[in-house]
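Participant: Handing you this structure, nothing more for now.
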């Protein structure tokens with residue numbers, strides 16, 4: 001068994017990831033206060049919570065553009081994030097079987113990341129859905145809610161402000177849930193902190209058999 | 001000295017001799033007294049009545065200046081046999097006629113002072129208006145030469161005493177005076193201080209007439225004599241006659257061939273108070289007698305004939321009184337639904353056939369249809385019913401108009417009792433039902449036998465005692481438990497004043513009550529009881545006849561009583577208010593104990609309306625569903641993380657093993 005350090009996450013990616021992470025966490029926390037005003041007031045007044053929420057919202061928007069721009073320019077967007085058919089039909093079940101069963105038995109994971117192919121099938125599907133559907137949707141609805149009067153014609157197309165708010169809310173629930181699962185699955189590296197270290201320093205220790 | 005002694009001696013001797021000689025006189029004094037035989041030699045024969053006044057004067061010592069005492073009901077002729085068997089039979093003539101010391105006696109005898117023996121009666125009588133106005137002496141009413149003990153006089157004989165003078169007894173103000181005169185003696189009313197009782201005699205029909213059953217008939221029927229006769233009657237040996245024992249005696253008498261055996265009740269005075277005008281102004285109060293606290297209910301005795309023709313009195317259990325048509329207790333009637341609506345005795349007991357008119361009072365004989373004056377709608381329905389056409393039973397054959405409780409407050413069992421008065425074999429007739437005993441335990445007859453009646457499910461508050469009994473709670477109980485003596489319970493329960501009690505409000509109220517129930521000594525907890533009950537009866541019990549055997553009439557979600565689910569709330573003024581109750585209390589999981597006891601087959605079925613209600617609820621939650629679904633999504637994620645971590649921890653060894661090879 002050989003031990004290798006491969007370079008998985010370039011600096012821009014890491015910068016994007018952590019800005020995005022902090023942004024999302026702050027958005028969720030202030031979002032909870034906005035959803036249940038009067039009961040939860042971690043950020044002081046409602047107005048403060050709104051201000052932070054707006055700021056972080058635009059921060060995430062800018063951050064998203066950064067991510068999109070980087071991967072479009074480097075040309076890796078499709079390869080990394082869009083799962084091919086085999087990934088969905090074979091890779092997903094394989095990976096699911098690993099996480100749900102084989103992992104407990106101590107078997108090696110079926111997928112080993114490399115710089116060009118750093119996501120397993122499950123990751124690919126999940127991140128694709130999140131980055132291409134959920135995050136844009138959330139940003140779009142968030143921006144519309146930022147200025148309801150200005151965006152009223154657009155919102156009316158979708159059924160009014162209530163529908164837009166509903167979408168924003170359900171997506172936020174998805175993000176929270178994802179956050180817990182994401183954090184946990186990140187601990188399933190070779191060591192507990194392996195993936196965390198990789199996302200900070202860029203290098204992942206990979207053990208290839210043979 | 002010697003001469004003195006000699007002088008005294010003969011004097012003393014004379015005295016002694018005189019004394020000794022006179023002794024026989026003392027002993028033979030009676031020989032010169034007037035004896036009974038002396039009296040009866042003239043007065044014992046009815047011939048004395050035929051002797052002319054002039055001739056009679058020759059037989060006596062004439063007197064002047066003495067007023068003749070009215071003989072009253074006495075006569076110069078004294079029947080010896082009657083006298084001997086009279087209550088004074090042991091007395092001799094001169095015991096009373098103390099002024100007769102020799103014969104012939106004076107023309108006019110002094111009035112006998114009856115108070116020599118009858119001092120208490122004389123005292124009572126002297127104070128009475130009867131004496132002060134009429135100055136009638138004792139013998140104006142009673143014949144001391146023939147008087148039998150008053151207990152041996154029947155009602156007719158007692159009345160005849162008063163009727164000797166009071167020939168015109170105008171009692172027109174009484175409803176049904178003939179009935180009163182048929183059964184009562186004058187002193188029952190006109191001697192309020194006298195003690196009275198009710199006496200029952202066994203009667204049968206002989207030669208078309210009602211006659212008392214004799215001793216020999218009794219002994220023949222029961223097969224016992226003397227003391228044994230009573231032993232045979234008192235079956236449970238408790239010293240009194242219960243209705244079942246009386247029934248048994250009548251059965252045996254009937255079996256012995258006596259026709260139309262029955263009991264005849266007499267209300268008689270047992271211990272007279274000789275003041276007939278004391279408190280007379282209260283006598284016109286019907287409630288003096290027509291109440292269960294009436295004085296003559298204090299003594300209720302059966303008269304069993306004895307060998308010598310007299311009657312032995314045996315106490316009768318008060319349970320016997322229950323069989324009589326209920327006489328309203330004055331105070332109870334005032335609480336009854338009729339009295340509360342301003343109906344007085346004479347409003348009903350005064351109708352149609354005018355018997356007498358006497359100033360203010362118009363006495364009429366009650367006709368049959370009196371109830372219809374107010375209850376005409378019920379009467380219309382009832383008259384058309386088969387029940388009436390066949391049985392001819394009228395209102396008071398089933399209902400007690402003096403009843404304390406309005407029909408709405410009777411329980412199912414009490415309502416059943418009305419029908420079962422006649423329909424005693426009801427349970428046997430319903431063997432075609434599945435579980436007839438369950439039906440009979442909870443339902444009243446009209447639930448099925450009056451298809452057009454409006455029915456409902458009624459909840460009421462009840463407390464369960466420490467020995468498991470259920471006790472219906474009144475206003476006082478609830479207010480005490482809540483600690484608010486003047487609370488308006490309906491307002492307390494239905495705080496939103498919506499006019500409708502929700503299942504949650506009921507559950508909250510029960511919770512409040514049960515918090516404080518420990519303050520009461522005997523209640524363990526409080527819950528609700530449930531009745532399936534007729535709310536508004538329709539007096540046609542055979543409408544739709546055989547169709548009443550259709551189970552689906554009740555056992556279906558569309559049954560009529562589901563449309564009215566009510567909660568009975570007692571009020572401070574003693575009334576009961578009903579508020580509609582949310583139907584979900586029947587099958588919802590509200591944690592209302594007591595409701596789980598109530599289950600109708602077919603009730604737990606989901607209906608179209610339930611789905612519509614559910615859909616409506618889903619829609620009313622609307623966008624708020626996102627919170628519910630969102631939380632579920634998060635919980636799902638957390639769940640995965642948790643479970644995975646758990647298995648991960650449990651299988652650490654597996655991964656350590658594989659890592660060993662790495663190193």
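No lab work stands behind these numbers, since they all come straight from the coordinates. Computed from a predicted model, the values in this text were never measured in an experiment. Cβ atoms come from the backbone with ideal geometry, glycine included; neighbour counts cover every protein chain shown.
Participant: As I understand it, the value is the acute angle between the Cα axis of helix A:161-186 and the longest principal axis of the Cα atoms of chain A; what does it come to in degrees, rounded to 10?
Facilitator: The answer is roughly 30 degrees.
Participant: Now a separate question. Quick one: helix A:148-158 against the long Cα principal axis of chain A, what's the angle to the nearest 10°, folded into 0 to 90?
Facilitator: That works out to roughly 60 degrees.
Participant: Full extension from residue B:193 to residue B:92: what is 0.36 nm times the residue separation minus their Cα-Cα distance, to one decimal in nm?
Facilitator: 33.1 nm
Participant: Follow-up. Return P(r) of the stretch A:96-210 (all Cα-Cα pairs; 5 Å bins starting at 0; whole %; ordered from short to long distances).
Facilitator: Over the stretch A:96-210, the share of Cα pairs per 5 Å bin runs 2, 9, 15, 17, 15, 11, 8, 8, 7, 4, 2, 1, 0 percent.
Participant: Based only on other Cβ atoms within 10 Å, what is the fewest-to-most ordering of B:37, B:550?
Facilitator: B:37, B:550
Participant: Now, a different point. If you stretched the chain out fully between residue B:375 and residue B:518, how much longer would it get, using 0.36 nm times the residue separation minus the C-alpha to C-alpha distance?
Facilitator: Value of the extension gain: 46.8 nm.
Participant: Assuming R0 = 35 Å, can you tell me the calculated FRET efficiency for the pair residue A:78 and residue A:45, based on Cβ-Cβ distance, to the nearest 0.05? Intermediate results must be reported in sequence, preceding the final value.
Facilitator: On the way: r = 45 Å, r/R0 = 1.28.
Computed FRET efficiency for residue A:78 and residue A:45: 0.20.
Participant: Could you let me know the centre-to-centre spacing of the stretch B:613-635 and the stretch A:67-121, using Cα atoms, in angstrom?
Facilitator: About 35 Å separates the Cα centre of the stretch B:613-635 from the one of the stretch A:67-121.
Participant: Sorted from largest down, what three extents in whole angstroms do the Cα atoms of the stretch B:409-605 have along their principal axes?
Facilitator: Cα extents, longest axis first: 52, 32, 30 Å.
Participant: Which whole-number percent gives the relative contact order of the stretch B:409-605, counting Cα pairs below 8 Å spaced six or more residues apart?
Facilitator: 29
Participant: For the stretch B:32-140, state what percent of all Cα-Cα pairs lands in each successive 5 Å bin, counting from 0 Å until the bin that includes the largest distance.
Facilitator: Histogram of Cα-Cα distances, whole percents per bin: 2, 10, 17, 24, 21, 14, 9, 4, 0.
Participant: Mind checking the full-extension length gain between residue B:183 and residue B:82? Use 0.36 nm per residue of separation minus the Cα-Cα distance, one decimal, nm.
Facilitator: On the way: separation 101, 0.36 × 101 = 36.36 nm, distance 2.75 nm.
Additional length available on full extension: 33.6 nm.
Participant: Quickly work out the residue B:397-to-residue B:495 label distance, labels modelled 7 Å from Cα along the C-beta direction, and quote it in nm with one decimal.
Facilitator: Result: 5.5 nm between the two label points.
Participant: Right, something else. May I ask you to derive the FRET efficiency for residue B:21 and residue B:70 from their Cβ-Cβ distance with R0 = 51 Å, giving the value to the nearest 0.05?
Facilitator: Rounded to the nearest 0.05, the efficiency is 0.60.
Participant: Let me ask something else. Would you compute, for the Cα atoms of the stretch A:2-208, the largest minus smallest coordinate along each principal axis and list the three values in descending order, in whole Å?
Facilitator: Its Cα atoms span 59, 34, 32 Å along the three principal axes.
Participant: Also, I was wondering about something else. Given labels modelled 7 Å from the Cα in the Cβ direction, how far is it in nm from residue B:405 to residue A:115?
Facilitator: Simple spin-label model gives 9.5 nm for this pair.
Participant: Between residue B:467 and residue B:210, what is the spin-label point distance in nm, taking each point 7 Å from the Cα along the Cα→C-beta axis?
Facilitator: It is 4.4 nm.
Participant: Starting with the fewest neighbours, write out B:504, A:104 ranked by other beta-carbon atoms found within 10 Å of each beta-carbon.
Facilitator: With the sparsest Cβ surroundings first, the list reads B:504, A:104.
Participant: Would you list B:448, B:551 from fewest to most Cβ contacts within 10 Å?
Facilitator: Placing the least packed residue first, the sequence is B:551, B:448.
Participant: For the stretch B:481-542 and the stretch B:137-155, what is the separation of their Cα centres, given in Å?
Facilitator: Result: 65 Å between the Cα centres.
Participant: How high is the FRET efficiency between residue B:118 and residue B:59 when r is their beta carbon distance and R₀ equals 35 Å, given to the nearest 0.05?
Facilitator: 0.70
Participant: Find the relative contact order for the stretch B:464-545 and round it to a whole percent, using C-alpha pairs within less than 8 Å whose residues are 6+ positions apart.
Facilitator: Numbers: 48 pairs, mean separation 26.5, N = 82.
About 32 percent, as a whole number.
Participant: What are the semi-axes of the equivalent ellipsoid of the protein assembly as shown, taken as the square roots of 5 times the eigenvalues of the Cα gyration tensor, listed largest first and rounded to whole Å? Mind dumping the intermediate values first?
Facilitator: On the way: eigenvalues 2520, 206, 153 Å².
Equivalent-ellipsoid dimensions as semi-axes: 112, 32, 28 Å.
Participant: Taking the alpha-carbon centroid of each part, what is the distance from the stretch B:239-267 to the stretch B:57-130 in angstrom?
Facilitator: Between the Cα centre of the stretch B:239-267 and that of the stretch B:57-130, the gap is 45 Å.
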